[in-house]
Amino acid sequence: MYRISELAEKVGLSRSTLLYYEKVGLISAKRQANGYRSYSEQDLQRLKLLQQLQAGGLSLKECQSCLESRIDRGLLLQRLKVLDDEIAEKQQARELLSAMLGMSSMRDWHQTTEKQAPHAHLDWLMKQGFDEKQALRLKWLSKDMNEHELYMADFELIFDGLERLGPGTEVDSLTALKATLPSTDPLKAVLSSTESLKAEPFNSGELLEIGCGKGVATRVLALHSEFTITALDNDKSNLNSLNKNLDKALKQRVNTVCASMTELPFERDQFDVIWCEGGAYIMGVEQALKDWKPYIKAQGYLVLSDLVWSSDNPCDELRAFWLQEYPDMVSAKQRIEQAKQAGYELIDSFPLSEQAWSDYYAPLQGRVDELEAMMPNSKALADVKMELEIFHKRQGEFDYQMLVLKKM
Ligand SMILES: C[S@@+](CC[C@H](N)C(=O)[O-])C[C@H]1O[C@@H](n2cnc3c(N)ncnc32)[C@H](O)[C@@H]1O
């Protein structure tokens, strides 16, 4: 037999807790002649069992009914689920901490945070020491701050020597350029083919090309128009390649500017046309529609190309891939609606030609084949390979859409 203080010591509970347990009938004391309570071995064991059940997450009441009757499976299953959820939450917290310490991948965290709080995510990355250019590259390319530098070095090696950094062709650019001619322009009627476009330069004024890369479209625009062209990119080496590839005559009409598309260093109403092939997604097409508009003259044009769904019901594999790679991806119809909402009139819209895809992906595939043996563990190479595989499964479910918009 145990006195209350002995029992309390054996089970690590306070005297008042034992008195409460007695009051609710979990244990029962016998009174000694001197009036002191005494407890049996059975009480002690009952308390130990109770403590085990409590450790399983059951409330006191639930423990009591477990002790007094057959266990309630439904209740235990419910408790098990709560426990599993708590473990998963803790596991996630553990993974985040270990990822932040560089012990595992941060991809999932970056991707979830990007979806839930994109602005805060970007600000936070900049607080970790990334400048805007690297923070955006991290968002779209490396997706893991711990591996960013290595990833980008591999990425640059893969793209080294490739001219085109996104889908497109000369013909597609010229078709869009032609759409910016006023419908009353006599040239428009004359120019029925891109061949005749080549013959006679048309259009003039100031054109800003954003995200010009190595200048594949810049050269076409310079050659086939009389625009003074400002070619903007935030990557100096791209601009160096562009300058190298322009012949002297064209160079006189093309200035390069190294700056971010998110903070254009220009005057309001400066440009007749803003042009952006495959780059607006970097800051978000909807944001670009809004932010670039003040730099376009009244009745001026915004021409951009963007990856869009061409199927209302894409297969799961494609949907899952692009949901990760380009979460803002919408259909061409939705983009056009966004452009109208942002105060543009739609002048023309067409999916880029099949050639536009192969002009981009065929040389890229060539680089992958060349480098694969040299870079067996490269995440950047694995990602590019994955994108190429997805492209081969495209089957008309997504397109690169050119939009020619007029500022209203
Ligand atoms: C998909 S590539 C397209 C390049 C080019 N228009 C082409 O089709 O080859 C996107 C381009 O945007 C540039 N870029 C990325 N972030 C940028 C930013 N914040 N400001 C300006 N340019 C940026 C990249 O350096 C790259 O040249």
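The values are calculated or read from the model by the stated rules, or taken from the named source; none is laboratory data. None of the values given here were measured: they were computed from a predicted structure. Here the Cβ positions follow ideal geometry from the backbone for every residue, glycine too, while neighbour counts run over all protein chains shown.
Where helices (runs of 4 or more DSSP H) sit wholly within segment 106-163, those with at least 3 residues that are at pLDDT 90 or above and either away from the ligand (no atom under 16 Å from the Cβ) or of a type in the set (A, V, I, L, M, F, W, C) (or both) occupy 118-127, 148-159.
Among residues of segment 324-351 that are at pLDDT 95 or above, those with a Cβ under 9 angstrom from a residue that is loosely packed, with under 15 Cβ neighbours inside 10 Å and assigned to a strand (DSSP E or B), sequence gap 6+ or separate chain, pair up as 336/346; 339/345; 339/346; 340/346.
Conditions tested, residue by residue: (1) among the aromatic types (Phe, Trp, Tyr); (2) part of a loop (DSSP other than H, G, I, E, B); (3) assigned by TED's automatic domain parsing to the domain that holds residue 379.
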| position | (1), (2), (3) |
| --- | --- |
| 20 | yes, no, no |
| 25 | no, yes, no |
| 33 | no, yes, no |
| 76 | no, no, no |
| 88 | no, no, no |
| 102 | no, yes, no |
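Of the set (1) exposed (fewer than 14 other Cβ atoms within 10 Å of the Cβ); (2) closer than 30 Å to residue 146 by Cβ, all apply to residue 312 but (2). Listed conditions (1) within 25 Å of residue 144 (Cβ to Cβ); (2) in a strand (DSSP E or B) are all met by residue 386, apart from (2). If you go through segment 164-205 and keep only what is charged (D, E, K, R) and at pLDDT 95 or above, you end up with 164, 170, 172.
On the basis of being hydrophobic (A, V, I, L, M, F, W, C) and surrounded by fewer than 15 Cβ atoms within 10 Å (Cβ to Cβ), does residue 288 make the cut? No. In segment 78-90, the residues that are closer than 12 Å to residue 56 by Cα form no Cβ pair under 9 Å with any partner that is exposed (fewer than 12 other Cβ atoms within 10 Å of the Cβ), whether six or more places apart or across chains. Do we have residue 380 as closer than 25 Å to residue 149 by Cβ, in the same structural domain as residue 275 (by TED's automatic domain parsing) and over 25 Å from the mean Cα position of the chain (by Cα) here? Taking the combined requirement at face value, the residue does not satisfy it. Of all the numbered requirements in (1) within 11 Å of the ligand (Cβ to nearest atom); (2) under 30 Å from residue 353 (Cα atoms), residue 170 misses one, and that requirement is (1).
Scanning segment 292-307 for residues being surrounded by 15 or more Cβ atoms within 10 Å (Cβ to Cβ) and either within 15 Å of the ligand (Cβ to nearest atom) or of a type in the set (Gly, Ala, Ser) (or both) gives a total of 9. Within segment 341-350, being of a type outside the set (A, V, I, L, M, F, W, C) and either part of a loop (DSSP other than H, G, I, E, B) or exposed (fewer than 14 other Cβ atoms within 10 Å of the Cβ) (or both) holds for 341, 343, 345. Of everything in segment 35-74 that is assigned to a helix (DSSP H, G or I), within 52 Å of the chain's Cα centre (by Cα) and among the hydrophobic types (A, V, I, L, M, F, W, C), the residue that is surrounded by the most Cβ atoms within 10 Å (Cβ to Cβ) is 50. Among the conditions (1) more than 14 Å from the chain's Cα centre (by Cα); (2) over 13 Å from residue 390 (Cα atoms); (3) modelled with pLDDT of 95 or more, residue 281 misses just one, which is (1).
Mind listing just one residue for me: the one in segment 220-234 that is at pLDDT 95 or above and either among the charged types (D, E, K, R) or over 22 Å from residue 178 (Cβ atoms) (or both) and, of those, surrounded by the fewest Cβ atoms within 10 Å (Cβ to Cβ)? Among those residues, the one meeting the criterion is 234. Residues that are touching a Cys at 6+ places or on another chain (Cβ under 9 Å) and near the ligand (Cβ under 9 Å from one of its atoms) within segment 240-274 comprise just one, 261. Among the residues of segment 2-36, those that are touching a residue at least 40 places away in the same chain (Cβ under 8 Å) and over 22 Å from residue 65 (Cα atoms) comprise 2, 7.
A count restricted to segment 146-182 and to residues that are of a type in the set (S, T, N, Q), in contact with a helix residue (DSSP H, G or I) (Cβ under 9 Å, 6 or more places away or on another chain) and farther than 30 Å from residue 105 by Cβ stands at 3. Residue 102 falls short on exactly one of the conditions (1) surrounded by 13 or more Cβ atoms within 10 Å (Cβ to Cβ); (2) touching a residue at least 24 places away in the same chain (Cβ under 8 Å), and that condition is (1).
Every residue, every condition in (1) crowded, with 18+ Cβ neighbours inside 10 Å; (2) not in a helix (DSSP H, G or I), yes or no:
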position	(1), (2)
364	yes, no
369	no, no
391	no, no
394	no, yes
401	yes, yes
406	yes, yes
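Please indicate, with yes or no, whether at least one residue in segment 314-330 is part of a strand (DSSP E or B), among the aromatic types (Phe, Trp, Tyr), within 19 Å of the chain's Cα centre (by Cα) and over 30 Å from residue 270 (Cα atoms). Within segment 314-330, not a single residue is part of a strand (DSSP E or B), among the aromatic types (Phe, Trp, Tyr), within 19 Å of the chain's Cα centre (by Cα) and over 30 Å from residue 270 (Cα atoms).
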